[in-house]
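Working notes, beginning with the structure itself.
Bear in mind these aren't lab numbers, they're just calculated from the coordinates by the rules spelled out. Everything numeric in this text was worked out from a predicted model, so none of it was measured. Cβ sites come from the backbone with ideal geometry, for glycine too, and all protein chains shown count toward neighbours.
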Amino acid sequence: MKAVLLDTHCWAWTLDSQWNLSPGAMDAIERAETIFVSPVSFLEIGQKVRAGKWPEMVPYVHQLSALLEGQGGMVASLEPSICVEAAMMEWDHRNPYDRLLAATARYYALPLVSADTVFDGRVPRIW
C-alpha cells in the first residue's frame, strides 16, 4: 500500500502507549510508504484538549507537528476544493471534522484508517 490517511483518533493512538488500533489498522500503517494526517486533526485535538474532553492528549498537543515529523508522517494539504466537498457532500453526518477527513481521503484517493463506521460508504476504510 502506497499511502493512507489516519483519522484523528487513530493518529492519537499512535502517539501514546494505548495503541487501540486493530491488527488490520496496524498492518496498514506499518506497510504504507506514506502516512498522511489532515491539518483538521490538529484542530480537533487542540479544541478537545482546550475543552477538557481529551486529557490524554494534553502532553502531546503543543508538539503535534514535531511528533508527526518524528513518525515520518506528512500533513495532507487542505485544499479549498476539499472544504467545498466536505460542505456539499450528501451525507447526514454533521461532524465537520469527519466531513473534512472524508473529503480529504476522497480528494487524494486514499484509504482512511479509522475505527469509525460512519465513514463506510463514503471512503475506503481500513480497520
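Hey, among the residues in the stretch 28-53 that are polar (S, T, N, Q) and in contact (Cβ under 8 Å) with a residue 12 or more places away in the chain, which one's nearest to Val4 (Cα to Cα)?
Thr34
Those residues that are basic (Lys, Arg) and closer than 20 Å to Arg99 by Cα, I need them from the stretch 1-52; list them, please.
Correct list: Lys48 only.
Inside the stretch 96-116, can you point out the residues that are free of Cβ contacts under 8 Å to residues at least 40 places away in the same chain and touching a strand residue (DSSP E or B) at 6+ places or on another chain (Cβ under 8 Å)?
Selection gives Ala102 alone.
Restricting to the stretch 108-117, give me the number of residues that are surrounded by 15 or more Cβ atoms within 10 Å (Cβ to Cβ) and closer than 18 Å to Asn20 by Cβ.
Selection size over the stretch 108-117: 5.
Please list, ordered by first then second residue, the pairs with beta carbon atoms under 8 Å, 6 or more apart or interchain, first in the stretch 66-95 and free of Cβ contacts under 8 Å to residues at least 24 places away in the same chain, second surrounded by 15 or more Cβ atoms within 10 Å (Cβ to Cβ) and of a type in the set (D, E, K, R).
Once the first residue is free of Cβ contacts under 8 Å to residues at least 24 places away in the same chain and sits in the stretch 66-95, its partners that are surrounded by 15 or more Cβ atoms within 10 Å (Cβ to Cβ) and of a type in the set (D, E, K, R) give Glu85/Arg106; Ala86/Arg99; Ala87/Arg99.
If you take the residues in the stretch 108-127 that are among the β-branched types (Val, Ile, Thr) and not in a loop (DSSP other than H, G, I, E, B), which one is nearest to the chain's Cα centre (by Cα)?
Per the criteria, the residue is Val113.
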